[in-house]
Amino acid sequence: MGLKTGLDIILHELGMLYDQVDDADMARFTSRMADAAGTLFVAGAGRSGLLLRCFAMRMMHMGRAVHMVGDITTPAARPGDLLLIGSGSGETAGLAAMATKAKGLGLTVLLITTSRDSTIGRLADDCLVLPAPTPKASGAATATSVQPMGNLFEQAMFLFCEAMVMQMMQTGGLTSEKMFERHANLE
């Protein structure tokens, strides 16, 4: 298979997946993220965590107080803060424990997942379900993929987060130029 063919397959799979996600669910989830007044905490394991770092960076560029859970500079969470978790299965033990603790501390928990009916899904205040296949969540997917492991979920989560950024920029009257003022300048 050529690279162009692979890219065509990936884009087709993403389109088919997003055809199955309700616009109202995406809008509601984005509003909850945008309307959160407190500090934003972001967490994910493996590739999901790496991709959510990109979202956290954009939130910082937008002027939000945001931290990746587990970084050494992450402060204490307080009631009214928000925890965003990305977990394909919704069953990652460390993330489930984190969601439980966050709820006990009075945080809002939002989850991007393939399975609303998961341990973290049942704890979350809201879930955005991206119905991609993943080897850790059996039966949750309605989309299909020839890509390995959780690729389709991870790609879909990343692109959804990028779309949330664009929506929040528009709603908040932010420009790329204004956001760039917060871009790292010590490199």
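Details
- Our estimate of slack between Gln20 and Met149, defined as 0.36 nm per intervening residue step minus the Cα-Cα distance, is 44.5 nm.
- Heavy atoms of the protein chains alone define the surface here; on that basis the range 73-185 has 49 Å² accessible area per residue at 1.4 Å probe size.
- Protein-only accessible surface at a 1.4 angstrom probe places the residues Met157, Met26 in the order Met26, Met157, largest first.
- Multiplying each eigenvalue of the alpha-carbon gyration tensor of the chain by 5 and taking the square root yields semi-axes of 26, 21, 15 Å, largest first, rounded to whole angstroms.
- For His183 and Arg78, the difference between the fully extended length at 0.36 nm per residue and the C-alpha to C-alpha distance is 35.1 nm.
- Solvent-accessible ranking of Asp8, Asp117, Asp25, Asp81, largest area first, probe 1.4 Å: Asp117, Asp8, Asp25, Asp81
- Sites Asp35 and Leu11 - FRET efficiency at Förster radius 41 Å, r taken between beta-carbons, to 0.05: 0.85
- Simple point charges give the picture: +1 on the Cβ of Lys and Arg, -1 on the Cβ of Asp and Glu, and for the range 1-86 a dipole about the Cα centre of about 400 debye.
- Heavy-atom accessible surface of the chain: percent carbon and sulfur, 1.4 Å: 59
The values are calculated or read from the model by the stated rules, or taken from the named source; none is laboratory data. Fair warning: this is a prediction, and the values are worked out from it, not measured in the lab. Note that each Cβ is placed from the backbone with ideal geometry, even for glycine, and that neighbours are counted across all protein chains shown. Note: accessible area is taken over every heavy atom of the protein model, side chains too, but ligands, DNA and RNA are not part of it. Shrake-Rupley method; radii C 1.70, N 1.55, O 1.52, S 1.80 Å.
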